[in-house]
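The values are calculated or read from the model by the stated rules, or taken from the named source; none is laboratory data. Because the structure is a prediction, the values reported are computed rather than measured. Neighbour counts are summed over all protein chains in view; Cβ atoms, including those assigned to glycine, are modelled from backbone coordinates with ideal geometry.
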Amino acid sequence: MRASLERALRALSSLRLACVLLLFLGLLTWLGTLEQVTSGLYDVQKKYFESFVLVHHAGPVPIPLPGANLVLSLLFVNLLVGGMLRLRKGVATLGVLVAHVGIAVLLVGAFVKHRFSDEGHVTLYEGQRSATFQSYFLWEIAILEDLGSGRVREHLIPNGRLEEALGSGRVRIAPSGLPFDVEVSRFLRNCAPRREGADANAVDGVVLEERPAHTEAEQNIAGVAIEIVDEKDGMRRQALLWGAESRPLVVTVAGKPWAITLRHEEYPMPFSVALDRFTKEDHPRIDMPKSFASDVTVTENGSSRPVRISMNAPLRSQGFVVYQASWGPAGAGPGTPLYSTLAVVRNPADRLPLAGCIVIAIGLVAHFARKLFRYVRVEGRTA
Amino acid sequence: MSVLACALSLAIAIAPRGEGDAPSRAQPWSPRTIELAGSLAVQEGGRVKPASTFARFALLRISGGQSLESVRGESLSPVEWLLDVMLYPEDAAREKVFLVQDSDAVAAIGLDVRDKKKRDRWSYEELQPGMPRLFTLAHDYDAIPEKERGSVQGQVVLLAGNVMTFLRLARELDPVREGAAAPIDTGVFACIPPDVPIARAEAWATTTELATKAQRSPEDTAILASLAALVSRRADPAAFETELSAFSGRLAARAHARGEGAKIALERFYYASHVIGWSLAAFLASFLVACVLWLRPTSRSIHAALFALVAAGVLLLVGAIAVRCVIRGRPPVSTLYESVLFVTAVGGILALFLESIHRNRIAVSAASVLGVIGLFIANGYETLDKQDTMPSLVAVLDTNFWLATHVTAITIGYSAGLLAALLASVYLVAKLVGFRRADPSFGRSLARMVYGVLCFAVIFSTVGTILGGIWANESWGRFWGWDPKENGALLIVISQLAILHARMSGWLREHGICTAAALGGTVIAFSWWGVNLLGVGLHSYGFTSGVHTALWSYYWTQWSVVALGGIAWRRAIARREPVATQAARLRQPNRTESGQAA
Amino acid sequence: MARVVHLVACAAFVASCGSSNDGAAVRTVERSRVVGDRAVDFHRGDSTADRFGLGASPHGSAAGKAPATVPDGSSGSKSPIAWTVPAGWTELPPTAMRTANFHPGGDPHTDCYLTLLGGDAGGLGANVNRWRAQLSLPALSPSEIDALPRSPFVGGDAVLVEANGTWRGMNGTDSNVGWALTGLLHVDPNGSAFLKMTGPADVVAAQHDAFLQLARSFRSAKAEVHGDEVRFAPAGDDHAARSSTGEFSFEIPAGWRKAPERPMRNASFYAGPGEDLECYVTVFPGEAGGILANVNRWRGQLGEPAIADADLAALHRIPMLGREAVLVECTGKGSQLVGAACAGADRSVFVKMSGPPERVQQQRSAFLQFCASIRSGN
């Protein structure tokens, strides 16, 4: 028992396993790079870098491969056991140990980011303010309940639930505290509406027609069919929701109006951002931006302060980071009001990569400086 | 549509004046005139630069060369050609300056191509009958995404762009020419700095803009008069020179008042000194000396000469890079072109360092080869790309901190990795031709050198790549986005880490490390150039077709070297086998059968 | 008791739901939050088509406003030139270089089109020989070109070229044996017109008369047909400054000036003195996202909320380019905007003027007059 445990531990911590894992990671990286020529980054990332296993098609030949999630998890264990715990400790290996610790920090950072972060954007014209930001890819159904005096309660059906209704899937949602259930079906990642009375899926003379997904996944406009099931009398009402609809669907159930809409997932920020001024400067006489920056007012816990967000200079607050991402509308002439798109990321591990990098640099430099010193000495003697 | 209309109006306007009533330039431009004109500051491509730099790249774009053989038999420098185009457009229209790679493009605009070679230069006069069709076709083809354009279509668009540049230059001085129609379009470059501080107006003015300006200062009027005088005195060299001197003084004073144009002289010096050319010459000479050295390996004086020549090449290159840094106010690497110079310089320095430890001739010879190849690539890239090698940078690159840390580190990583690949290739080839018999320690020390350089490379690749992630986290909001360029950097780190771990585990020895390092060179080439050819992602800087050929040549070279090394390895095993058998026989002389069976 | 019945009914209902819906998984959702800054109209019942911006239904009030785009027999409603399509010919939508465009006799391999160019387009000889080269034929000498027959075309005599040969196409890449070309060239330094028919020799021969008849039919779209009505270049001595962008012509209102060209804009003007009030014309191929999206983009620029299809249908219409354009007026952020938008299947045209409100008001009637003066064609 102890012997087999010992053997397993040795295998897990071996240098050769590290080599094999590194080669697999390299292979995945290479394939995932080449595949970006034909597919969008979002899909490639899901297939190669956020999976445990995958099948790569080399022409007609399907090749099963471990996904980057699996490889990196194993690499982490290998690093922990082989590169740190079982590493012979001494002056000779100190640098290596430190570098390994740094890489472990990086991997932890990657894991935290992958599991616990939200990312999206907030797009504002000058004068506008927002305390929420939107996902680029994920969709949600929001059921809005009027609380009076301009306040609204939002009941949310997140992207994960909608994905269950892809294809022929169908899912019934029972939002707590609502007098009705929502049954979701025919969730389409990218679609457009068309007038059509005859189709079996038509609602109110309109069908949502599936479109091939864009390679840039943020351009997709999702759509979904819902049925609103009255809890009291079981009456069903059909409706379509579309990601680019101009107004929500309004239904009256239990004598009360409810607005239902499909939108990109929205997340609250612990502060609000108001865009005061957006400045874009071009290089003189050519159409190439030299810099762009948003002057915003951040209101947090009742106090406001002005902040300038520009390329390479984000705003950090309460675990949220707000970046200058882009601007629009594209091709706007002078005088046309511009909007500013700020990317928002909530990443608890935001600072880990920097820490990891410093630790790794120290470790590597210490280790290889020592080696170089010996090398010069030895070679100098033989030469 | 508007571009088409504008091009047609430009083209039609120059046509009637080409009929011979205008005088031709009677004598060559004086050296002083060329010097004065070349030193004029112009604003183009988003920065202020000497007119000579503008002319150099404009002529390169249009004619594919850095000088022009005129129809009168003179050899024109870019500045002389520019002076001709602007002051004697009728003369310039007769110069065969438009390089067309494939005459089908000219046939497509309805011209007779029978008297011309497939790749040939055309004059504007020859192309003129096809103008409407050229701009019509170019307008249609321009709508096709660049990647989907056919070769003829691409050529037509290119030619139309070059003709437009030519016409705009030829009409730049129209506002001060008598009897010329007012141009619709403003110029290619602007040479008149505004008389307000730079904070209030960054853009300079073209002649048209100055002439149509609503409120002209007396100084503005004087500048216009000066321009008009230049046009009217073009045929009188002495008067022209005097006028040009006054004009250039006026403009320089204005630019100086705005704090601009201070680096014009330095940039003139950079190009006039041909420092990159001299560096290449030093490397070429060192290469010849290296060849001699390998024929007479024991000569200390030849070794010293080789070392000195390589050192000279590296020093000149370092000087060139330093001057560029000063001109641009940037760290050494911010464009692909600069990365080539920097990789070559760092590779040379590393190799010289190795040589000073080892003194075994290999590192310094490798440096010589690296210098020659590196600078040939730099020159080839400049000729292919045809763009100013000191361009303005997009917003995200406007940060000297990250350019200095991430970009510099990763480029040093490239350099060290490529040097390791080169040394490893030497090992593999040398093994095939049989160095072992001559000197067994030679291979060992070479392999140790490869390992040493790899260790150096891994520090910079790893730290550089992670710094890149941190930069991305600062500017785009994510540490790692699996963008092709990021992946390329990761591939380098992974391959180098895998080699080091495989060596620790005993999987790779001398030969294995050298094979892996040689393959590592292809990984670096893929990351440095290959991903840019994929045409996707945030780091794709534009396609240059010649790069493709060069890249694949390098891949195949490294693969062949590895294959050759494989043959050498097999041979070494085969050689070792009979020795083992013999030894067994000697030990057990009376059991020959079992010995043979083994 | 009643409660029991109710429960049973519910159970039965749930069971039936389950069976009819292939057992849809039931999930509870706990995510909810209260927000204060949402403007939601809870009292608007819109149809699905309304919400999706599909426009009013074909039976709705906007129906009569859809422009009739398919002409019968005599075409040219979008162009200053009119013509009569020969019987049996298929008319195709015009392109940038083809002002009129057909398949003669309905044959898909045979093309016939009218091209108008500013200037002499390189001259008569160059164009005749370019056409001949496309048929792999040797060039003609100037005297041979002089001897070519003439035929009436755009209000004058034009040179008639007829040739048989192997069609090499525009780029010299095709190779069709037994093809023919019939073409008319009106070459003039003030503007040139070319009518050209190419295709298999038998089709071209059969359509020869129809071709000449078409050539004779070109005339100004205005009621009066004068010999010189088809004008290709702006005439300098016109009483109203009539100008063109190549694709459009228009009359520039008094006091307006052309502004420097900018990307994405087909023509820009400073409306009135100074440079603070700009008016510009933008043309996109296709629908450009539809009128509603573009109107809402304009409104967004002034910080005004988006409008819906019903609101759009209620907006004023003005004539522009032979169709109806939607007139958009809105004010916000210290700036006012007047815009006209008209969309067709082939292209969409937007005219916009924005600037300080009082200036916009001053120039409003000039703007309307400008919109009305826009014509397509050179």
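What to note about this one:
- For segment A:237-250, taking the residues that are without any contact (Cβ under 8 Å) to a residue 24 or more places away in the chain and surrounded by fewer than 18 Cβ atoms within 10 Å (Cβ to Cβ), the one that is farthest from A:ASN220 (Cα to Cα) is identified as A:ARG237.
- When segment A:136-193 is limited to residues that are within 24 Å of the chain's Cα centre (by Cα) and among the polar types (S, T, N, Q), the one that is nearest to the other protein chains (Cβ to nearest Cβ) turns out to be A:ASN159.
- Hits in segment B:487-537 - residues which are assigned to a loop (DSSP other than H, G, I, E, B) and either within 24 Å of the chain's Cα centre (by Cα) or more than 10 Å from chain A (Cβ to nearest Cβ) (or both): B:ARG509, B:GLY535, B:VAL536, B:GLY537
- Here A:ASP204 does not qualify as more than 9 Å from chain C (Cβ to nearest Cβ) and of a type in the set (Asp, Glu).
- Just one of the numbered conditions (1) over 30 Å from A:GLY120 (Cβ atoms); (2) among the small types (Gly, Ala, Ser); (3) in contact (Cβ under 8 Å) with a residue 60 or more places away in the chain is not true of B:ALA498: (3).
- Condition check for A:GLU50: crowded, with 16+ Cβ neighbours inside 10 Å, of a type outside the set (A, V, I, L, M, F, W, C) and under 19 Å from A:PRO348 (Cβ atoms): no
- Restricting attention to segment A:23-36, the residues that are out of contact with any strand residue (DSSP E or B) (no Cβ under 9 Å at 6 or more places or on another chain) and either in a helix (DSSP H, G or I) or loosely packed, with under 15 Cβ neighbours inside 10 Å (or both) add up to 8.
Table: residues versus (1) free of Cβ contacts under 8 Å to residues at least 24 places away in the same chain; (2) among the polar types (S, T, N, Q).
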site	(1), (2)
B:ARG133	no, no
B:THR136	no, yes
B:TYR141	yes, no
B:PRO145	yes, no
B:ARG149	yes, no
B:GLN155	no, yes
B:MET164	no, no
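- Those residues of segment A:252-266 which are loosely packed, with under 15 Cβ neighbours inside 10 Å and in contact (Cβ under 8 Å) with a residue 24 or more places away in the chain, in sequence order: A:ALA254, A:LYS256
- B:GLY434 being surrounded by fewer than 24 Cβ atoms within 10 Å (Cβ to Cβ) and at the interface with chain A (Cβ under 7 Å from one of its Cβ atoms): no
- Any pair with Cβ under 7 angstrom, 6 or more apart, that starts in segment A:14-32 at a residue that is free of Cβ contacts under 8 Å to residues at least 60 places away in the same chain and ends at one that is hydroxyl-bearing (Ser, Thr, Tyr) and surrounded by fewer than 22 Cβ atoms within 10 Å (Cβ to Cβ): A:ARG16/B:SER505; A:CYS19/B:SER505
- Here is the figure for segment A:279-323: residues that are more than 8 Å from chain B (Cβ to nearest Cβ), closer than 27 Å to B:PRO193 by Cβ and hydrophobic (A, V, I, L, M, F, W, C) total 1.
- Selection over segment B:143-164 of residues that are assigned to a helix (DSSP H, G or I) and surrounded by fewer than 17 Cβ atoms within 10 Å (Cβ to Cβ) gives a count of 5.
- Condition broken by A:PRO329, with the remaining ones in (1) within 11 Å of chain B (Cβ to nearest Cβ); (2) closer than 30 Å to C:GLY300 by Cα; (3) at pLDDT below 90 satisfied: (1)
- Verdict on A:SER130 being under 19 Å from A:GLN324 (Cβ atoms) and either facing chain C (nearest Cβ under 9 Å) or surrounded by fewer than 20 Cβ atoms within 10 Å (Cβ to Cβ) (or both): yes
- Among the residues examined, A:VAL96 qualifies as buried (at least 17 other Cβ atoms within 10 Å of the Cβ), more than 31 Å from the chain's Cα centre (by Cα) and either within 11 Å of chain B (Cβ to nearest Cβ) or not charged (D, E, K, R) (or both).
- Failed item, numbered, when B:VAL346 is tested on (1) within 14 Å of another protein chain (Cβ to nearest Cβ); (2) closer than 19 Å to B:ALA322 by Cβ: (1)
Matching residues to (1) within 19 Å of B:SER505 (Cα to Cα); (2) surrounded by fewer than 18 Cβ atoms within 10 Å (Cβ to Cβ):
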position: A:MET1; (1), (2): no, yes
position: A:LEU5; (1), (2): no, yes
position: A:LEU9; (1), (2): yes, yes
position: A:ALA18; (1), (2): yes, no
position: A:GLY59; (1), (2): no, yes
position: A:ILE63; (1), (2): no, yes
position: A:LEU70; (1), (2): no, yes
position: A:ALA92; (1), (2): yes, yes
position: A:HIS100; (1), (2): yes, no
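- Those residues of segment B:474-486 which are assigned to a helix (DSSP H, G or I), facing chain A (nearest Cβ under 7 Å) and surrounded by fewer than 24 Cβ atoms within 10 Å (Cβ to Cβ), in sequence order: B:GLU474, B:SER475
- Odd one out for C:ALA147 among (1) of a type in the set (A, V, I, L, M); (2) modelled with pLDDT of 80 or more; (3) within 27 Å of the chain's Cα centre (by Cα); (4) surrounded by fewer than 18 Cβ atoms within 10 Å (Cβ to Cβ): (3)
- Scanning segment A:1-38 for residues that are among the acidic types (Asp, Glu) and within 12 Å of chain B (Cβ to nearest Cβ) yields a total of 1.
Per-residue answers, yes or no, for (1) under 30 Å from A:LEU85 (Cα atoms); (2) touching a Gly at 6+ places or on another chain (Cβ under 9 Å); (3) part of a helix (DSSP H, G or I):
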| residue | (1), (2), (3) |
| --- | --- |
| A:LEU5 | yes, no, yes |
| A:LEU21 | yes, no, yes |
| A:THR38 | no, no, no |
| A:TYR42 | no, no, yes |
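- The residues of segment B:349-402 that are within 30 Å of B:ALA290 (Cα to Cα) and within 13 Å of another protein chain (Cβ to nearest Cβ), listed by number, are B:LEU350, B:PHE353, B:LEU354, B:GLU355, B:SER356, B:ILE357, B:HIS358, B:ARG359, B:ASN360, B:ARG361, B:ILE362, B:ALA363.
- Residue count for segment B:224-276, restricted to those that are in contact with a helix residue (DSSP H, G or I) (Cβ under 6 Å, 6 or more places away or on another chain), assigned to a loop (DSSP other than H, G, I, E, B) and touching a residue at least 12 places away in the same chain (Cβ under 8 Å): 3
- In summary, B:ALA420 fulfils each of the numbered conditions (1) more than 8 Å from chain A (Cβ to nearest Cβ); (2) without any contact (Cβ under 8 Å) to a residue 12 or more places away in the chain with the single exception of condition (2).
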